[in-house]
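All remarks here apply to the structure that follows.
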Amino acid sequence: MRKLTLIFSLMIFAVSFIYGQQSTGVVNGTILDEKNQPLDYANVLLLNASDSTLVKGSLTDSSGTFQFTNLSFKDYIVQASMVGYGDVYSPVFHLSESQANHQMGNLSFSKSNVDLDEVVVKAKKPFIEMRADKMVVNVEGNAVAAGDNALEVLRKAPGVIVDQNNNISLQGKQGVLVMINGKRSYLSAEQVARMLENMSANEIQNIELITNPSAKYDAEGNAGIINIVMKKNKNHGFNGQATANVRQATYFGYAGGLNLNYRNKHINLHGGYDYNLFRRYKIMDLRRSIAHEGDYTEMNQFSTNRGRSSNHSYKAGLDWMISDKTSAGVMFKGSTGRWSDLGNYNLYFTGDLPGDFSHVNTLDDTSDEWEDFSYNINFKHSFDDKGKELTADVDYSTFHNPANAFYENMFYNNENVEVTDPYLLRSEIASDVSIKAAKVDYAQPIGETIKLETGLKSSFVSTDNGILFEEFEGEEWIKDEGRTNMFTYDENIFAAYANVSKKFEKFSLQAGLRSEYTQSEGYSETLDERRKTDYINFFPSVSLSHTIKEKHNMSYSYSRRIRRPSYQDLNPFLYYLDQYTFSKGNPFLQPQFTHSLGVNYSYGQFLYVSAGYDHTSDRIMEILEQDDANKITNQTTINADLEQTFELSVSSPIPIKEWWMVRLTTFGGYNHFKTDLPNGDLLNNASFMGYFQAVNNFNINKKIQAELSGSYQTGLTWGMFQLKPQTRVDAGVNMKVLDGKGQLKLSVNDIFFTGGNNVEIEEGSIQVRLINRWDSRRVKLGFTYNFGNQDMKPTRRRKSATSDEQNRVKRNSN
């Protein structure tokens, strides 16, 4: 910890010292459209006049102005670009000590016949872009992402936290909706994490962080949306991309893939295949103290897990350009894989023993397979070139997820002598989910400043789950009737929305309303419990942005959102770690509802500040329950009465040299949980937390870029869980090879091996401490090769109708 603190202190001191010692120049200017009106969010690049290499990049603000500071004294050119326009350039100008402040004046676009999809910006994008409604993290070309999977990339995104169970939170809030290309997978948090672990970072173009989505988006996800945008192809002809990655942690892993695209005037064929194999090593130290009727028991458990995952993913699609304004398409996406895990758990008792043994050794052999398939038919018609359009999607998805587990429990006394016969238990789990959905969206511009959007959506989800437990008695396996169960769950959602946006001279207003009507029914055969729900909810959203004065911009937003329980959180099945530790679902969970308020401020391209407040009722929250007499601990999920969160984040890019840029991100938050627990105790916990991240980008030359990043998260309390501080330092280098067609990326994650989680729970009679560590220090080498025509139009991305339910499907293993 002292080593990391020293590193961060030196990084901050170096930034402050060097930044304060420079003698620098400044460039100011304004970008105008073809009507000589200020153009906001135009790309502006500062280039070296000698060789046209990139010095800095920026975006214009709402008044069309931009500024570059901290510049060396020499010759420059300014290049401006915007989709729908051709690039424009300034004359060469010179900065010197006597002419350090260059007022460039106006640089105007003229309307060209350049197609929207043909505008290609060759310069490297900044790692983080702040846009009117979201933050964009540009992954493509980022050195630290070398050989990473998508989950590791998310860990590095500002404001995103991935905990020890791979739960994803945004701005300190859980319940994030993860989307791929605007499509929500119907997967639970565990399944999303599994999918992201098997997705190569080489496939990702950028990540969009949307904290207050409009009514156009599904109301699911109280913490906002993380949209992962995959790479796309471009214009006519044939091209492709091949990737290969290797990584070394405790064990060796590798991945590879091939993506192909062909397009002519009328059709676009695209497809791809990826394979990923990785192994993981994890250790856990779990300590419990249990008091009961004057006696006291200490339970100390140490475990090791060795896991192996292999995954095949494939996709294919056809887009048919029926006319200049009408297109249709079909898509297929599939994933098959297997996860296996060998666990060795040693549980030691002191004090009041549960029997004539003091040591339980559990050997756990589990395997988990999956087959996920999705089919999509889509249609789009543009009535004109002003944005009036109609889109429609029909989707069908299936998920098949069988799993098996075998547990061997052996009992020893203090002399390490086995005192009784082993207890053998095995289970078989079958989980099937089918999803049918359809949606239609319509957009209608009204005049030059108003846009109306409206749409309908229906989804029909059916899940069928079965678990069989058997105990070994004598010479045969006997069915355990008490733990064997069947659970079915059906859910239908019918939604409609309307959203209108209006641009004023200095204001932009957006308001919308979404309505969702839900019917659901869950049935547990063994418990003979049936639960039906039938409700309608309305979800308003509104946002306002305006310019206070030059370079000073503000935005305000409000939305109401819902988070429904995942399909498997409702499942009352038992999942065992050993006979004293297990988890179970809760068929009586209700949806949670959140009111979100947000305020954002930006000063040019230098400072970004955001603040927010959330009020959540019926918060879906994990808790621990404890049977003191039998010394059993189980994890389950309940609806907490109330959660309140306040958050504040600040982000700023600081140019140190032409070749060195530092982006500092800080986040502070306060959360408060209050609820009555199932045992009657009152949970009333609150805490402050902080997060700091420094990302250093180095442009060594035209072909080589490097990155050094570090982060620190303070401790925090989340419900009844108290998380200890976390730190992390990563580094990477990216080099272009083979005339720019290839890229080599080398990176090291968690250089000082500080990853892991340290959690404590002290609530009522529950006293637990958990230390979870995995092989987070990894060396990764990646290679990407692009071939064929690299100036191809993009494959059309579709936000399918079923994309908003898949996050709620849960695979059986972790």
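So that you can scan it fast, the table gives a plain yes or no per residue for (1) open to solvent by 60 Å² or more (accessible area, probe 1.4 Å); (2) closer than 30 Å to residue 364 by Cβ; (3) of a type in the set (A, V, I, L, M, F, W, C):
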position: 415; (1), (2), (3): yes, yes, no
position: 429; (1), (2), (3): no, yes, yes
position: 449; (1), (2), (3): no, no, no
position: 461; (1), (2), (3): no, no, yes
position: 485; (1), (2), (3): no, yes, no
position: 497; (1), (2), (3): no, no, no
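The one condition from (1) buried (at least 17 other Cβ atoms within 10 Å of the Cβ); (2) on the phi > 0 side of the Ramachandran plot that residue 680 does not meet is (1).
Of all residues in the range 9-64, those that are modelled with pLDDT of 75 or more, assigned to a loop (DSSP other than H, G, I, E, B) and polar (S, T, N, Q) total 4.
Within the set 336, 326, the sole residue that is farther than 30 Å from residue 781 by Cβ and either touching a His at 6+ places or on another chain (Cβ under 9 Å) or open to solvent by less than 50 Å² (accessible area, probe 1.4 Å) (or both) turns out to be 326. Selection of the range 630-677 for residues being open to solvent by less than 20 Å² (accessible area, probe 1.4 Å) and in contact with a helix residue (DSSP H, G or I) (Cβ under 7 Å, 6 or more places away or on another chain) yields 656, 662.
Within the range 206-325, which strands (runs of 3 or more DSSP E) (wholly inside it) include 3 or more residues that are over 24 Å from residue 375 (Cα atoms)?
Working: elements: 225-230, 237-248, 252-263, 267-292, 295-321.
So the answer is 237-248, 252-263, 267-292, 295-321.
Mind checking whether some residue in the range 349-371 is under 24 Å from residue 230 (Cα atoms) and not basic (Lys, Arg)? Yes, that holds for at least one residue. Scanning the range 745-777 for residues that are farther than 20 Å from residue 624 by Cα, hydrophobic (A, V, I, L, M, F, W, C) and open to solvent by less than 50 Å² (accessible area, probe 1.4 Å) returns 748, 774.
Cβ-Cβ distances below 6 Å connect the following pairs, each with a first residue in the range 644-659 that is more than 30 Å from residue 614 (Cβ to Cβ), a second residue that is aliphatic (A, V, I, L, M) and open to solvent by 50 Å² or more (accessible area, probe 1.4 Å), and a separation of six or more residues or different chains: 655/661. Residue-level check: of (1) surrounded by fewer than 18 Cβ atoms within 10 Å (Cβ to Cβ); (2) of a type outside the set (Ser, Thr, Tyr); (3) at pLDDT below 85, residue 690 misses just (3).
Restricting the range 558-591 to residues that are more than 16 Å from residue 621 (Cα to Cα) and either of a type in the set (Ser, Thr, Tyr) or without any contact (Cβ under 8 Å) to a residue 60 or more places away in the chain (or both), the residue that is surrounded by the most Cβ atoms within 10 Å (Cβ to Cβ) is 559.
Looking only at residues that are open to solvent by 10 Å² or more (accessible area, probe 1.4 Å) and within 24 Å of residue 135 (Cβ to Cβ) in the range 71-83, which one is modelled with the highest pLDDT? Checked the range 71-83; the qualifying residue modelled with the highest pLDDT is 82.
So for the range 384-396 (the condition being of a type in the set (Val, Ile, Thr), in a strand (DSSP E or B) and within 30 Å of residue 577 (Cα to Cα)), does at least one residue qualify? Checking the range 384-396: not a single residue is of a type in the set (Val, Ile, Thr), in a strand (DSSP E or B) and within 30 Å of residue 577 (Cα to Cα). Looking only at the range 598-649, which residues are farther than 30 Å from residue 554 by Cα and either outside any strand (DSSP E or B) or among the aromatic types (Phe, Trp, Tyr) (or both)? Within the range 598-649, 628, 629, 630, 631 meet the criteria. Filtered by the rule that a residue be open to solvent by 40 Å² or more (accessible area, probe 1.4 Å) and not hydrophobic (A, V, I, L, M, F, W, C), the range 374-401 gives 375, 380, 381, 384, 385, 386, 388, 389, 396, 400. Among the residues of the range 503-526, how many are under 17 Å from residue 453 (Cα atoms), polar (S, T, N, Q) and crowded, with 20+ Cβ neighbours inside 10 Å? Selection size over the range 503-526: 1. The residues on offer are 356, 341, 364, and the sole one that is under 30 Å from residue 434 (Cβ atoms), in contact with a Ser or Thr (Cβ under 9 Å, 6 or more places away or on another chain) and not β-branched (Val, Ile, Thr) is 341.
For the structure I just gave you, tell me whether residue 54 is in contact (Cβ under 8 Å) with a residue 40 or more places away in the chain and open to solvent by less than 50 Å² (accessible area, probe 1.4 Å).
Details: in contact (Cβ under 8 Å) with a residue 40 or more places away in the chain: yes; open to solvent by less than 50 Å² (accessible area, probe 1.4 Å): no.
No: the conditions fail for residue 54.
On the given criteria, is residue 373 free of Cβ contacts under 8 Å to residues at least 60 places away in the same chain and under 20 Å from residue 626 (Cα atoms)? Answer is no for this residue. For the criterion of being of a type in the set (Phe, Trp, Tyr) and either touching a helix residue (DSSP H, G or I) at 6+ places or on another chain (Cβ under 8 Å) or under 24 Å from residue 250 (Cβ atoms) (or both), residue 320 fails. Would a scan of the range 507-524 turn up a residue that is polar (S, T, N, Q), out of contact with any helix residue (DSSP H, G or I) (no Cβ under 7 Å at 6 or more places or on another chain) and closer than 22 Å to residue 403 by Cα? There is at least one residue in the range 507-524 that is polar (S, T, N, Q), out of contact with any helix residue (DSSP H, G or I) (no Cβ under 7 Å at 6 or more places or on another chain) and closer than 22 Å to residue 403 by Cα.
Looking for something among the aliphatic types (A, V, I, L, M), touching a residue at least 24 places away in the same chain (Cβ under 8 Å) and over 30 Å from residue 459 (Cβ atoms) - is there at least one such residue anywhere in the range 354-368? Looking through the range 354-368, at least one residue is among the aliphatic types (A, V, I, L, M), touching a residue at least 24 places away in the same chain (Cβ under 8 Å) and over 30 Å from residue 459 (Cβ atoms). For the range 402-412, taking the residues that are of a type outside the set (A, V, I, L, M) and out of contact with any Leu (no Cβ under 9 Å at 6 or more places or on another chain), the one that is surrounded by the most Cβ atoms within 10 Å (Cβ to Cβ) is identified as 411. Please go through the range 304-321 and pick out each residue that is modelled with pLDDT of 90 or more and among the hydrophobic types (A, V, I, L, M, F, W, C). Matches in the range 304-321: 316, 318, 320.
The values are calculated or read from the model by the stated rules, or taken from the named source; none is laboratory data. Given the structure is predicted, the values throughout are model-derived calculations rather than measurements. Cβ coordinates were reconstructed from backbone atoms using ideal geometry, including for glycine residues, and neighbour counts include every protein chain displayed. To get the accessible areas, we keep the full protein, side chains included, count just its heavy atoms, and leave off ligands, DNA and RNA. Shrake-Rupley method; radii C 1.70, N 1.55, O 1.52, S 1.80 Å.
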